[in-house]
Amino acid sequence: MKVIKQSFALFLILLINQSCVSKGGNKESKDSDLAVKSVSGFVMGVDLSYVNQIEDFDGVYKEDGKQKDVYSIFKEHGANMVRLRIWNNPDWIYGVYNENSSLYSGFADVKKSIRRAKAQGMAVNLDFHYSDTWADPGHQTVPKAWENITDINVLSDSVYQYTYSVLNELYKENLLPEMVQIGNETNCGLMHTDTNENFPKLSICDDNWTSLGKVLNAGIQAVRDIDAKTGKSTIIALHVADPKNLDFWYKGIINKAGVTGFDVAGFSYYPHWHTEVSFSDLPNVVKNLRADINKDVMILETAYPYTLEDNDSYTNIFGAESAVEGYPISVEGQRSFLIDLTKNMMDAGAKGVMYWEPAWISSNMKDLWGKGSAWDNATFFDSSGNLTKGIDYMSYDNKKK
């Protein structure tokens, strides 16, 4: 099947105008229709992958002192897309809790989150990590089920079958995402850390562009085949961390790896770590990338702290050194940073900004490194779980600036 690049605008027009009855006879829900319309403009995204776990372990969200559904809070304050990570088989969570635990960010947990997002009329970005655990620039661990694969064709087929199967099951329950990420912060590639000696080499940092391209194209093809089956037109994004890598990575992935069937060149921007491209220079980097590769561009992860206080024993990642000049570490500083970042991206022609885990408040949840939250000072909730003004950037009228 020939993959044809579609612009964001065309994608949205096709989705909004399509029949409410898809191929196969499944009637689209009212919630799904609302979700489609919600991304007709600039994407204001929030990653809420931790929420189910937080709520299962005593986390409570409030607005004006009253407990409230957190998905409703974000919707009412301007969010129109929810980003959710999915891990192949995160059974390590049994070791963190017990054998009766939910497998957070596994398929069943993701379905629950998608339902919550669509019930609020928000679109969904499903982020395939292609790992059983966290995938980021330094960690791209092969899923256990695939670790003994030695043939690139078998691996590509495994990626295709897994991606297709997940999306097909979601389709059966009217839960298809509007956007799909093929990989998470794949700076050097997918599945390239701590691999068996004969596992296919997928690191572009070792010049394995062709192999990585084959695997990425398999994931993209699975999405397009689901589109063909369902009549949808899913936004497909790739994702790297740090704007300094945008030009090198995306030109390489297109020209060396032969990956062209994606729609969005996504990236993470955390000024705490990503210091080579200044805040003021970031819009030019985005403008130049758009012009050079003819793809839409989007920030898929960002965050900024609002306090230096730590609400639990889990040491916070962001400290005083995380501040950007002109934006103090305060609620107003966080809000102003996000207003300006969003306006800069709009002016540069980017298609959206997604905030990573703005609801990872302190609770009794645990992960591999601690109990509580390492991010509680970068959420939009104070130490009591009450909503702060930091969230207001999503509903701010950028025409004022």
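Of all DSSP beta bridges confined to the chain, the antiparallel ones make up roughly 15%.
Distance between the C-alpha centres of segment 49-69 and segment 163-217: 32 Å, rounded to the whole angstrom. Just want the answer: with Cβ charges of +1 for Lys and Arg and -1 for Asp and Glu, which residue in 378, 95, 71 is farthest toward the dipole's positive end in the chain? The residue sitting farthest along the positive end of the dipole is 71. Over the C-alpha trace of segment 324-373, radius of gyration and Dmax come out as 14.9, 41 angstrom.
Under 1.5 on a/c is rounded, so check that first for segment 348-401, then, if it is not, pick prolate when a/b is larger than b/c and oblate when it is not; a ≥ b ≥ c are the square roots of the alpha carbon gyration tensor eigenvalues. Oblate is the answer for segment 348-401, as a/c is 1.5 or above yet b/c matches or exceeds a/b. Its residue count N fixes a reference of 2.2 N^0.38 Å for segment 218-275, and the Cα radius of gyration divided by that reference is 1.34. Between residue 173 and residue 368, residue separation times 0.36 nm minus the direct Cα-Cα distance comes to 67.0 nm. The amide H of residue 186, built 1.01 Å from its N in the peptide plane, has 239, 240, 241 as neighbours under 5 Å, considering only residues 5 or more places off or on other chains. Using the alpha-carbon positions of segment 91-154, Rg (one decimal) and Dmax (whole number) come out as 14.8, 44 Å.
Using the Cβ-Cβ distance between residue 210 and residue 280 with R0 set to 41 Å, the FRET efficiency works out to roughly 0.65.
Count Lys and Arg as plus one, Asp and Glu as minus one, and take only other residues whose Cβ is under 11 Å from that of residue 279; the net charge is then -3. Put a plus charge on the Cβ of each Lys and Arg, a minus charge on the Cβ of each Asp and Glu, and nothing anywhere else: the dipole of the chain about its Cα centre is then about 1700 debye.
Evaluating 6.51 cos²θ - 1.76 cosθ + 1.60 at θ = phi - 60° for every residue in segment 303-308, the Karplus couplings come out as 5, 8, x, 10, 7, 9 Hz, glycine and proline recorded as x. Anyone know which of 384, 280, 165 comes out most mobile in the 10 Å Cα GNM of the chain? Ranking 384, 280, 165 by mean-square fluctuation puts 280 first. Here's the picture: charge each Lys and Arg Cβ at +1 and each Asp and Glu Cβ at -1 in the chain, and of 278, 336, 216 the one pushed furthest to the positive end of that dipole is 216. Shape verdict for the chain, please, from the Cα gyration tensor: rounded (a/c under 1.5), prolate (a/b greater than b/c) or oblate. It is rounded, given that a/c, with a ≥ b ≥ c, falls under 1.5. Between residue 292 and residue 145, what FRET efficiency follows from the Cβ-Cβ distance if R0 is 22 Å, with the result rounded to 0.05? According to the calculation, E is roughly 0.05.
Here is what passes the span test in the chain: the DSSP H helices with alpha carbon length of 20 Å or more along the helix axis and a Kyte-Doolittle mean of -0.5 or above are 152-172, 209-230, 331-347. Among the trypsin sites (Lys or Arg not before Pro) within segment 333-367, not one is in coil by DSSP while having at most 13 neighbouring Cβ atoms inside 10 Å. Converting phi to 3J(HN,Hα) with the Karplus coefficients 6.51, -1.76 and 1.60 and the offset θ = phi - 60°, segment 49-65 yields 4, 7, 4, 4, 5, 4, 5, 5, 10, 6, x, 10, 9, 9, 10, 6, x Hz in sequence order, with x at every glycine or proline.
Label zone of residue 308 (point 7 Å out along Cα→Cβ, amide N under 19 Å): in segment 268-287 this covers 271-273.
Shape analysis of segment 248-401 yields a ratio of the Cα radius of gyration to the Kirkwood radius, Rg/Rh, of 1.01. Backbone amide hydrogens, once placed in the peptide plane, bring residue 124 within less than 5 Å of 82, 178, 179, excluding anything fewer than 5 places away on its chain.
Pair-distance distribution of segment 150-303: all C-alpha pairs, bin width 10 Å, starting at 0; shares per bin in whole percent are 11, 38, 34, 16, 1.
Computed from phi, the 3J(HN,Hα) profile of segment 126-136 under the Karplus parametrisation 6.51, -1.76, 1.60 (θ = phi - 60°) reads 8, 9, 6, 7, 6, 7, 8, 8, 4, 10, 8 Hz, with x in place of Gly and Pro.
Of the two radii for segment 238-319, the radius of gyration is 1.09 times the Kirkwood radius, both from the alpha carbons; that is the Rg over Rh value. Accessible surface computed residue by residue for segment 185-229, with neighbouring protein chains in place and a 1.4 Å probe, gives 38 Å² per residue.
Think of the chain as having a plus end and a minus end, set by charges on the Cβ of Lys, Arg, Asp and Glu; of 187, 42, 162, 42 sits farthest toward the positive end of this dipole. Could you tell me the calculated FRET efficiency between residue 347 and residue 317, based on Cβ-Cβ distance and R0 = 30 angstrom, to the nearest 0.05? Once rounded, the FRET efficiency stands at 0.55.
The values are calculated or read from the model by the stated rules, or taken from the named source; none is laboratory data. Predicted, not measured: the structure shown is a model, and the values here were computed from it. In this analysis, Cβ positions are derived from the backbone assuming ideal geometry, glycine residues included, and neighbour counts consider all displayed protein chains. In case anyone asks, the SASA skips ligands and DNA or RNA and just uses the protein heavy atoms, side chains included. Shrake-Rupley method; radii C 1.70, N 1.55, O 1.52, S 1.80 Å.
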